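So the structure is just underneath, and the comments pick up after that.
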Protein chains: 2
Amino acid sequence: MSDVVPPEVRPKPAVPAKPPNVGAPSPSSPFPPQGLGIGGGGVSAPPPSAIPVPIGSHALSHGVGHGGGHAGGHPAAHSVGHGHGGSHSSTGGSALLGYIGIDTIIEQMRKKTMKTGFDFNIMVVGHSGLGKSTLVNTLFKSQVSRKSAGWARDEKIPKTVEIKTVSHVIEEGGVKMKLTVVDTPGFGDQINNDNCWEPISKYINEQFEKFLKEEVNITRKKRIPDTRVHCCLYFIPPTGHCLRQLDTEFMRRLSHSVNIIPVIAKADTMTMEERLEFKQRVKKELETNGIEFYPQKEFDDDMEDKSDNDKIREVMPFAVVGSDKEHQVNSKRVLGRKTPWGIIEVENPNHCEFAQLRDFLIRSHLQDLKEVTHNIHYETYRAKRLNENGGLHPISSNDTQESNL
Amino acid sequence: MSDVVPPEVRPKPAVPAKPPNVGAPSPSSPFPPQGLGIGGGGVSAPPPSAIPVPIGSHALSHGVGHGGGHAGGHPAAHSVGHGHGGSHSSTGGSALLGYIGIDTIIEQMRKKTMKTGFDFNIMVVGHSGLGKSTLVNTLFKSQVSRKSAGWARDEKIPKTVEIKTVSHVIEEGGVKMKLTVVDTPGFGDQINNDNCWEPISKYINEQFEKFLKEEVNITRKKRIPDTRVHCCLYFIPPTGHCLRQLDTEFMRRLSHSVNIIPVIAKADTMTMEERLEFKQRVKKELETNGIEFYPQKEFDDDMEDKSDNDKIREVMPFAVVGSDKEHQVNSKRVLGRKTPWGIIEVENPNHCEFAQLRDFLIRSHLQDLKEVTHNIHYETYRAKRLNENGGLHPISSNDTQESNL
């Protein structure tokens, strides 16, 4: 394997215009070498060994090291280079000969996504009056929150933490998203808030359990409905002081089962100086308390990812303002909050960090939030459940018995 | 649920330019209504019920039916319409207010695919001399076949069917595909070809078993290596007569575990008239023998899918010619076969149906081939295995015991 030149370091061919980059899988490629060989009588499969050369080349020997022929299935090729014949460099049409269409997979996946749509489930946590409903409405430019969906505004604060979900299908550019907003009324609103994260943790785990049961069913749905919480917006009250014990306790306890994105709520109650100072303090406290929020450093895929996420982590937690009212500013209608001393424009980056939060949450990391939920949080839950069960899947029949979590 | 207007039939708003299409999930949407409510003490979750209206609208009552407020979690909304305020139709900037960014999911998925790449595994079956290696080389514009990868051309025909795999990473437009070509030398080449599909069926099932074992492991890989055969090109010899019993037997036996795409090999040995006649005969025989090939009618997703696939099924099996040699035709270099009476251009649709096969296999259905393999063939295998096992997953430890298939 080690004598195979990885695709990255091979010289780029001068022609054709869309050259297929072909090489045997190498350790530096995203495809780790797998034991493709399978055992068993009469069946042999030598590992990938040779570098193919593009066809249609008239100078195959040019720069190409051919491995010796081997018949018995033993890899013997020592391909050390890769060259292209230059003989068709002068012909105009030769470029097309090289195009296969591998990159059309992107378009094929786009079409499939346009047909199926996708699920996204967002949870909001924080005590009452921090603008949770308004913020999700602002994020999704529509009345998607629980309060907008028929609940009375003057609804009493529940005596224990409740979990309320409301779902809507939102379509944009032909892409359908089934958005579920999971609200947690009652959180932090009691005299004694001991264990008030428990109903929330329970809900998150129940969704994992539901998914696990579907996954281990003998007859599975083509697409398992995904009710798992992909993202939890945690609303830090803009006290100007420090994090409360409830804040750190909640985030610490939940950060290993859900992607927590802390935000500083109602940031317009602070001047820019106060905001900056408070933010620094919150950042420091999150760090000293060892709270890992999304995007977690340990899950950065590569250096590019790390660099992008470092920039985001640097400005987190976002100090945000939400609004579902439009106002006229310089002949434009903007979402904002009108006061006698001016209009706070929620999407103006000089006024608050809402636009940064929205770009991060929806436009750059939404797919990643779903993948981290599936690959990390769900996998952690699943491994724990299976270990409890002595390595056996808790196969459920159709009349599903409740999990005893 | 029934009184909720599905997104499709709601009147299109005149403004904004990129209006989010928002509605409660309805039976006609791709998201079937799910029981989102979860039971359990203190937790209540009413089903999605109301249609949200876009925020920022100054005429909320215009065309909007509001449901009565409800406090106890009982759905009571009777939203029957959906309107947009016209008040901001005159302002230029209002369009932007409506954009959320849901459709950026496509770009996010593209980026992920560019990073991870994907696997594609193609099997070729047919007796020796039908141009199997040449055809895969032509499809992927490079020497990807077994014979090109170091095996001697004069290799003897094995005495039993063997399975030989060779893998390469091909990159195009920044997308990396790990292509594995699974060759089956010896198939149909014996005096007695009884059961010669068995090693092939065994290989296909072994890949399913491998995947299943990875899938049920307690600690799973982030991405399970996919060695499952996504597509099996079956080469029908251009006899001009009818299908041989071996052809029908192979296809019938394997069609429920792999996507079979039958092709008429070396179509240049027949005149256009002979080809048409042979093709019609083969089509009829496939039909009378009840052989289902890919794309299978029963897996058409919707009417659009059906209509597209009907057109493809109509022209199948493709009569193809492969070539890995370039020739000059009208100052263009084309892949073809040069004879004293002319050059057979493999990508010329007037000469053969190679281009149609390539477009179908790579440029329009590659992702679907992978999905049908996963959702249908693998699921069938998995269900069978689990049923054999009394509904329990065959959880494997790290030192995997061999399956007894």
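Accessible area lost on pairing B with A, both sides, 1.4 Å probe, Å² to nearest 100?
Buried surface at the B/A interface: approximately 12000 Å².
Under the definition of partner shielding as Cβ atoms of other protein chains within 10 Å of a residue Cβ, what is the mean value for peptide A:360-366?
What the average comes to for A:360-366 is 4.
B:E287 to B:N348: extension gain in nm, 0.36 nm per residue of separation minus the Cα-Cα distance?
19.1 nm
Which whole number gives the average count of other chain Cβ atoms within 10 Å of the Cβ atoms across peptide A:330-336?
5
Within 10 Å of each candidate Cβ there may be at most 14 other Cβ atoms; applying that plus a DSSP loop requirement, which GluC sites (Glu not before Pro) in the range A:167-258 survive?
Sparse-neighbourhood loop GluC sites (Glu not before Pro): none present.
Quick one: with label points 7 Å out along Cα→Cβ, list the inter-copy distances for A:K338 in nm, shortest first?
8.0
Compute the signed sum of charges (Lys and Arg +1, Asp and Glu -1) over the other residues within less than 14 Å, Cβ to Cβ, of B:V125.
Combined, the nearby Lys, Arg, Asp and Glu give +1.
Report, ordered by chain and residue number, the aspartates and glutamates lying within cross-link reach of A:K156, taken as a straight Cα distance under 20 Å and ignoring same-chain residues fewer than 8 apart.
Result set, ordered by chain and number: A:D183, A:D189.
When ligands, DNA and RNA are left out and all protein chains stay put, how many square angstrom of accessible area per residue does the range A:105-259 have with a 1.4 Å probe?
34 Å²
Looking at the range B:321-365, which chymotrypsin sites (Phe, Trp or Tyr not before Pro) are in a loop (DSSP not H, G, I, E or B) and have at most 12 other Cβ atoms within 10 Å?
Sites meeting the loop and neighbour criteria: B:W341.
Give, in nm to one decimal, the length gained when the segment between B:N195 and B:K112 is fully stretched (0.36 nm per residue of separation minus the Cα-Cα distance).
Difference between extended and current length: 25.6 nm.
Around A:V182, with a cut-off of 14 angstrom between Cβ atoms, what is the net charge of the other residues, counting Lys and Arg +1 and Asp and Glu -1?
+3
Quick one: with label points 7 Å out along Cα→Cβ, list the inter-copy distances for B:N350 in nm, shortest first?
Those label-point separations list as 6.6 nm.
Sorting B:F299, B:F140 by accessible area (1.4 Å probe), largest first, what list results?
Greatest to least solvent exposure: B:F299, B:F140.
So how do B:T104, A:T160 rank on accessible area, 1.4 Å probe, biggest first, that is with the largest at the start?
Descending accessible area places them as A:T160, B:T104.
Distances from A:E214 to the same position in the other copies: list them in nm, one decimal, shortest first, using label points 7 Å from Cα along Cα→Cβ.
For A:E214, the inter-copy label distances come out at 2.3 nm.
What residues from the range A:267-290 fall in the zone where the backbone N is under 16 Å from a label point 7 Å along the Cα-to-C-beta line of A:C242?
Within reach of a label on A:C242: A:277-290.
Modelling each spin label as a point 7 Å along the Cα-to-Cβ direction, I'd like the B:Q280/A:E214 distance in nm, to one decimal.
Each label point lies 7 Å from its Cα, and together they span 4.9 nm.
Using only atoms on other chains, find how many Cβ atoms lie within 10 Å of each Cβ of peptide A:172-183 and report the average.
Partner-chain Cβ atoms within 10 Å, mean over residues of A:172-183: 6.
Report the accessible area of B:K221, computed with a 1.4 Å probe over the heavy atoms of all protein chains in place, in Å² rounded to the nearest 10.
100 Å²
The values are calculated or read from the model by the stated rules, or taken from the named source; none is laboratory data. Bear in mind the structure is a predicted one, so any value in this text is a computation, not a measurement. Quick reminder, even Gly has a Cβ in these numbers, built from the backbone with ideal geometry, and neighbours come from all protein chains shown. Ligands, DNA and RNA are stripped out before the accessible areas are found, and what is left, the full protein with its side chains, is counted by its heavy atoms. Shrake-Rupley method; radii C 1.70, N 1.55, O 1.52, S 1.80 Å.
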